[in-house]
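In what follows, a single structure is set out as structure tokens and then discussed.
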């Protein structure tokens, strides 16, 4: 589950500050001097991108900004609603906004829209619209993941990898849910969708099947050597009636008869780390870390009868996996590491997918 992020402790003025120090190190931090500050007039939750002396970032006031990194002067700003002609879905804010870090690729910056699920490319020198692509027509879909640009060959056009999330969890129980999380590969020059891979089976747009498994955190990690892109997924919003009924029966037994066989469909990738082929989007390997996790906003209210049978873990991977090389038994080993909101950190071997180690950092609830 992903909660809306449009507030910074009640403050409506956000300062974007840049420290410009020659040869800056951690030891110099005490001597750091504020170089400039820039007021947007509203919250800014995305990490800025910096390229060629310009800072790029979106704000919750609906604007996309380009600011001089050396003096804080405005280079340009664009109202996303006017620039794209998109209307907001109106769940969190009544203005078209982005909460993603702009991805810089040559003369483009690429961002995702926080509903509808549209990816937009803008000329980074002028702020003019280059292309706009709908990734998911679902009325509650949105882009919260900051995508990853990639060009593995100078003879091949640049690529953009991005996932899709939603706020469908906020709907009343009788209307929830049909959204399916998915990953996409776009031609960064044109916005054309080259492949799209869903995380759960097709539900035909009808309530009563699997829904959820959103991709909403950080940026996809690319393993050039293996030709893979790694992602982490969120919880299920809903599941077929037989799954919910089975889980309810297990909960009512003193000793569950089959506690680990509630969801045995290998195509249901919630609370998972997956490796997809860069070229085709085919799922090369995956590992799911929970046997059952159906959860949506109704479960935020204790003992709410509208909440599906528990445990309602809400154990998303809210960040993208990290690619590391470690020493294991004096041998170098390539691993992928990601942390669930439940506090479990996992390291998987990038060749086999086997668990190398895991750790538990926190055990707080609710996981938000």
FRET efficiency, residue 35 to residue 151 (Cβ-Cβ, R0 30 Å, nearest 0.05): 0.40
Just rank 233, 197, 47, fewest to most, by other beta-carbon atoms within 10 angstrom. 47, 197, 233
Going by how many other beta carbons lie within 10 Å of each one, how would you line up 42, 136, fewest first? 42, 136
Which residue, 253, 340, 142, has the most motion in a Gaussian network model of the chain that connects Cα atoms within less than 10 Å? 253
Compare 118, 97, 33 in a GNM of the chain, Cα atoms joined below 10 Å, and give the one with the largest fluctuation. 33
Per principal axis, largest first, the Cα atoms of segment 146-304 extend in Å by 61, 31, 27
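What length, rounded to one decimal in nm, is gained on full extension from residue 265 through to residue 357, with 0.36 nm per residue of separation minus their alpha-carbon distance? Walk me through the numbers before you get to the answer.
Values: separation 92, 0.36 × 92 = 33.12 nm, distance 2.54 nm.
Taking 0.36 nm per residue and subtracting the Cα distance, the gain is 30.6 nm.
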Checking 272, 342, 166 against a Gaussian network model of the chain (alpha-carbon springs below 10 Å), the top fluctuating residue turns out to be 342
Alpha carbon convex hull of the chain, volume per residue in cubic angstrom: 171 Å³
When only alpha-carbon atoms are used, what values of Rg and Dmax, in angstrom, describe segment 223-368? 16.9, 53
In segment 177-209, which residues have a backbone nitrogen under 11 Å from the label point lying 7 Å from residue 248's Cα in the Cα-to-Cβ direction? none
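At a 10 Å Cβ-Cβ cut-off, how would you order 263, 224, 188, fewest neighbours first?
Values: 263 21, 224 10, 188 25.
Least to most surrounded, the residues fall as 224, 263, 188.
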Here the FRET efficiency for residue 129 versus residue 195, based on Cβ atoms and R0 = 30 Å and rounded to 0.05, is 0.80
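Given 20 °C and 1.002 mPa s, how large is the Stokes-Einstein diffusion coefficient of segment 118-232 in µm²/s, with Rh as the Kirkwood radius over Cα pairs?
Working: Rh = 15.3 Å.
The calculation lands on 140 µm²/s.
How high is the FRET efficiency between residue 82 and residue 328 when r is their beta carbon distance and R₀ equals 51 Å, given to the nearest 0.05?
On the way: r = 53 Å, r/R0 = 1.05.
It comes out at approximately 0.45.
Every read-out reported here was derived from the displayed coordinates using simple, explicitly stated rules and does not represent laboratory data. Everything numeric here is computed off the predicted structure, so don't read it as measured data. Because the Cβ atoms are built from the backbone with ideal geometry, glycine has one as well, and the counts that use them run over all protein chains shown.
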